[in-house]
Structure formats: structure tokens, C-alpha cells
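The values are calculated or read from the model by the stated rules, or taken from the named source; none is laboratory data. For clarity, every value in this text was computed on a predicted model and none was experimentally measured. Cβ atoms come from the backbone with ideal geometry, glycine included; neighbour counts cover every protein chain shown.
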Amino acid sequence: MGSGAPALLRTPLHDVHRRLGARMVDFAGWDMPVQYPSGIIAEHQAVRTACGMFDLSHMGRVYVRGPDALRLAQLCCTRDLSRIPAGEAAYSLLCNERGGILDDVIAYVLDAETVLFVFNASNRESDAAWFSQKRDQRGFAAQVDDQTLATALIGVQGPTAQSVLQPICNGDLGALPGYAFLAAVEVAGRPALVARTGYTGEDGFEVLTFAQDAEHVWDALLSAEHVTACGLGARDTLRTEAGMALYGHEIDQHTNPYEARLGWVCSLHKPEFIGRETLTVMKAGSPARLLVGVLVEPGGVPRPGFPIVHANQPVGSLTSGTFSPTLKRNIGMGYVRRALSEPGQTLHIEMRGKLVGAEVIKLPFVPHRARPRAKITPEERPHT
């Protein structure tokens with residue numbers, strides 16, 4: 001008899017989600033909570049007004065270590081990590097030679113010989129293999145160490161996130177700028193890395209801890225006042241309101257950074273990284289299409305794949321679409337010709353056979369309230 005589909009991976013918090021009554025779904029091969037009994041809208045509003053907690057342990061956590069760790073990271077990343085001081089992180093892209101986006105990642109520079117990458121769950125194995133391949137091609141002295149299954153990642157997001165986390169963290173969170181992290185602290189008495197990062201547009205933190213400590217840390221956080229467990233459903237509505245790209249939707253190997261409005265993470269001044277030559281040409285030209293946000297009139301909830309229409313002709317399709325609990329409006333993102341990308345442009349979305357009016361607006365839909373990152377001066381380049 002055949003073994004059938006492979007069993008879904010489970011995070012160290014799987015039993016906790018079951019106990020909390022979460023509805024579980026297959027997400028990138030992981031059994032993940034999409035929502036809890038409170039519901040997606042309540043979870044979403046908790047993050048916008050107080051504090052929500054997410055199990056992010058399906059995300060890849062891969063360390064690049066060794067004398068050539070930074071050289072390998074620099075080759076694979078579009079961002080110039082030599083300008084990121086130890087103790088800070090950077091959002092970056094991994095691109096192929098054609099400028100297509102292999103993944104969007106966060107790189108945490110721990111020291112001159114250690115960079116932690118957080119990959120999208122669906123790309124973890126392919127990203128790690130790609131890093132290893134580039135290392136071997138160049139003969140770099142670096143280890144690609146996948147610690148995903150040995151660790152857990154918990155998101156603590158919202159305007160009260162710091163007041164929830166600080167009482168059980170022995171590091172000073174108040175002094176931490178955006179995209180900075182404390183690499184060796186304790187949370188609820190357990191060793192952890194705490195970063196001021198997130199995917200909601202709100203202030204917040206991500207807590208990396210050992211798998212065996214995950215339940216203890218989660219329970220300690222959830223026991224604080226006004227903390228709500230949140231699933232993938234709310235994570236998606238929050239990041240859509242914040243205008244943040246999702247791999248497999250807004251970005252993939254068939255999209256490039258400039259049309260996705262992510263050219264700001266392509267450090268073309270770097271002497272070398274994979275895709276640099278192609279991206280240099282792309283920047284010199286103008287992308288034929290651009291990612292836009294649209295406010296959609298009532299008439300059903302817009303969903304990914306729905307056609308975008310102009311003058312009764314299809315001109316693209318939605319990459320994301322949802323009802324915005326904050327705006328109480330339908331919203332979506334998608335690619336259109338550059339000429340149709342200006343705010344105020346009138347379009348239509350074809351929803352279940354009928355055309356519904358839409359207006360292009362400047363992203364994000366909801367202003368970001370995350371703490372800004374520290375200013376990096378030209379002198380702060382310890383790895384060059």
C-alpha cells in the first residue's frame with residue numbers, strides 16, 4: 001500500500017493550538033492555526049488596538065556560520081549586509097540571475113561570522129540548498145545550518161506588545177529600535193533572541209526560542225492581560241492592510257523587485273551579488289507593470305486571481321484581496337500597466353461574473369506604526 005501524502009509538519013506549539021480550539025489548515029506543508037474561536041476579525045483588531053500573538057515556527061530559520069558567512073550572505077542577498085551592524089536585521093531579497101525573486105527574507109547579523117536568515121516556509125529547503133550550492137561553487141568556508149525544527153518563533157505584535165513582553169524579558173526592550181535584536185536574553189526564564197520585527201505594520205517583536213521551551217514562553221505571554229492568540233487568517237489581513245508582499249502572491253520567480261516596488265532593498269553599489277547585472281539594467285529602465293493597491297466597492301470580497309479590468313479589457317489580476325477590518329472596506333493588490341498605476345485611477349474587479357468598481361491608492365492601506373530602525377551612518381560598517 002502507498003504511504004499517501006506526507007504527514008504535515010507540526011510546530012512545537014501544535015498541542016497548544018489544539019487546546020485553544022484553533023481551526024488547523026495545511027500551510028506550506030505545516031499543520032497551522034488559521035483562526036481561533038475568537039475569529040479572524042477579533043484577532044485582527046486585537047493586533048491593531050492591543051496585542052496579538054502568532055506561532056511563526058513554520059518560517060525557516062537557517063544560520064550561515066563561518067569565516068566566509070558574510071561573503072556568502074552578501075553574494076546571495078540583494079541588500080548590502082556589510083552596512084548592517086551586529087545586533088541589527090535587514091529585510092532583503094534573494095534573486096536569481098534573471099532578477100526574479102526566489103524569496104524575501106530577513107537577515108539577522110549576529111557577528112562577522114554568523115548571519116541568521118528567516119525564510120518563507122515554502123522556500124526553506126530550496127533556499128538552504130541554493131545557499132549551499134553557491135557556497136560550494138565559490139569554495140567559501142561557511143556552514144548552512146537549518147535550525148527550524150529545533151527552534152520556535154513567536155510573534156508578539158501590537159501597540160501594547162512591549163508592555164506585554166518586557167515584564168518577562170531581562171533585556172531592555174525600550175531601547176531597541178526597529179529591526180534591532182537582543183541575541184542572548186531570557187524570556188520567561190528561557191534563553192531567547194528577541195527582535196523588534198514583524199509583518200503586521202504595528203510595533204512588535206519576534207521571539208526565537210528552543211523548541212522545548214516554546215510552550216512555556218507562549219503560555220507566559222498569553223497569560224498577560226489583553227493578549228489574543230492569532231492565526232494565519234489575521235496575519236494575512238494585517239499584512240495586506242500594511243501593503244506587505246507575500247511570497248507566492250505579490251512576488252515570485254516571475255516578478256522582479258522594481259515592479260514589486262522593492263527596489264529599495266537592491267544595493268546596486270555592492271560590487272557583486274546574484275542578479276546584480278540584470279537588476280542594474282532593470283533599474284535604468286522603467287518597469288512595464290507595477291504593483292498597486294486598490295479600494296474595491298461593495299459587491300463581494302475580492303480574492304487573489306480575480307481579474308483587474310480597464311475599459312472592459314482584462315489588464316491584470318489580484319495577487320491579494322480581502323475585507324479590511326480596519327477600514328471596513330474591500331481591498332486588494334495586483335499588477336497593472338504602468339500607465340494605470342497612478343493613485344486615483346479607476347479600474348474594475350471582475351467578481352463572480354460582474355464588474356465592481358475599484359480605485360488605485362498609494363500603499364499601504366493602513367499607516368505603519370512600527371518603530372523606525374536606527375540610522376546607520378557611513379562609519380557603522382564593521383564588516384567591510
Report task. Mind checking which strands (runs of 3 or more DSSP E) fall wholly inside the stretch 316-380 and carry at least 3 residues that are more than 25 Å from TYR247 (Cβ to Cβ) and in contact with a helix residue (DSSP H, G or I) (Cβ under 9 Å, 6 or more places away or on another chain)? Result -> none
Query raised in the report: What number of residues in the stretch 292-326 are more than 16 Å from LEU355 (Cβ to Cβ) and either acidic (Asp, Glu) or in contact (Cβ under 8 Å) with a residue 60 or more places away in the chain (or both)?
Result: 9
Query - Hits in the stretch 341-384 - residues which are more than 20 Å from TYR91 (Cα to Cα), of a type in the set (D, E, K, R) and at pLDDT 95 or above - result: GLU342, GLU350, LYS354, GLU359, LYS362
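One line per residue, one yes/no per condition, for (1) closer than 13 Å to LEU149 by Cα; (2) surrounded by fewer than 16 Cβ atoms within 10 Å (Cβ to Cβ); (3) touching a Phe, Trp or Tyr at 6+ places or on another chain (Cβ under 6 Å):
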residue: LEU9; (1), (2), (3): yes, no, yes
residue: ARG19; (1), (2), (3): no, yes, no
residue: ALA22; (1), (2), (3): no, no, yes
residue: PHE27; (1), (2), (3): no, no, no
residue: MET32; (1), (2), (3): no, no, no
residue: ARG48; (1), (2), (3): no, no, no
residue: CYS51; (1), (2), (3): no, no, no
residue: ARG61; (1), (2), (3): yes, no, no
residue: ARG65; (1), (2), (3): no, no, no
Report summary line: Within the stretch 183-194, the count of residues that are assigned to a strand (DSSP E or B) and either among the hydroxyl-bearing types (Ser, Thr, Tyr) or without any contact (Cβ under 8 Å) to a residue 60 or more places away in the chain (or both) comes to 8
**Report entry** Those strands (runs of 3 or more DSSP E) lying entirely in the stretch 1-103 with at least 3 residues under 16 Å from the mean Cα position of the chain (by Cα) and modelled with pLDDT of 95 or more
**Finding:** 51-55, 60-65, 88-95
Query raised in the report: So which residues in the stretch 261-306 are closer than 18 Å to ALA73 by Cα and part of a loop (DSSP other than H, G, I, E, B), if there are any at all?
Result: CYS266, SER267, LEU268, HIS269, LYS270, PRO271, GLU272, PHE273, ILE274, GLY275
Report task. Report yes if THR319 is among the β-branched types (Val, Ile, Thr) and under 15 Å from ASP236 (Cα atoms), otherwise no. Result -> yes
Query raised in the report: Say we look at the stretch 195-228 and pick out the residues that are touching a Pro at 6+ places or on another chain (Cβ under 8 Å) and either among the acidic types (Asp, Glu) or buried (at least 21 other Cβ atoms within 10 Å of the Cβ) (or both); which of these is farthest from ALA374 (Cα to Cα)?
Result: GLU215
Query raised in the report: Out of all the residues in the stretch 76-118, which are surrounded by fewer than 19 Cβ atoms within 10 Å (Cβ to Cβ) and under 15 Å from PHE273 (Cα atoms)?
Result: SER82, ASN96, GLU97, ARG98, GLY100
Query raised in the report: Restricting to the stretch 226-260, what's the tally of residues that are assigned to a loop (DSSP other than H, G, I, E, B) and either touching a His at 6+ places or on another chain (Cβ under 7 Å) or among the charged types (D, E, K, R) (or both)?
Result: 4
Query - Sole exception among (1) of a type in the set (A, V, I, L, M); (2) touching a Gly at 6+ places or on another chain (Cβ under 6 Å); (3) more than 30 Å from GLY29 (Cβ to Cβ); (4) in the same structural domain as GLU186 (by TED's automatic domain parsing) for ALA141, by number - result: (4)
Query - Scan of the stretch 328-353 for residues that are polar (S, T, N, Q) and exposed (fewer than 13 other Cβ atoms within 10 Å of the Cβ), ordered by number - result: THR346
Report task. Report yes if PRO33 is in contact with a helix residue (DSSP H, G or I) (Cβ under 7 Å, 6 or more places away or on another chain) and assigned by TED's automatic domain parsing to the domain that holds GLN162, otherwise no. Result -> yes
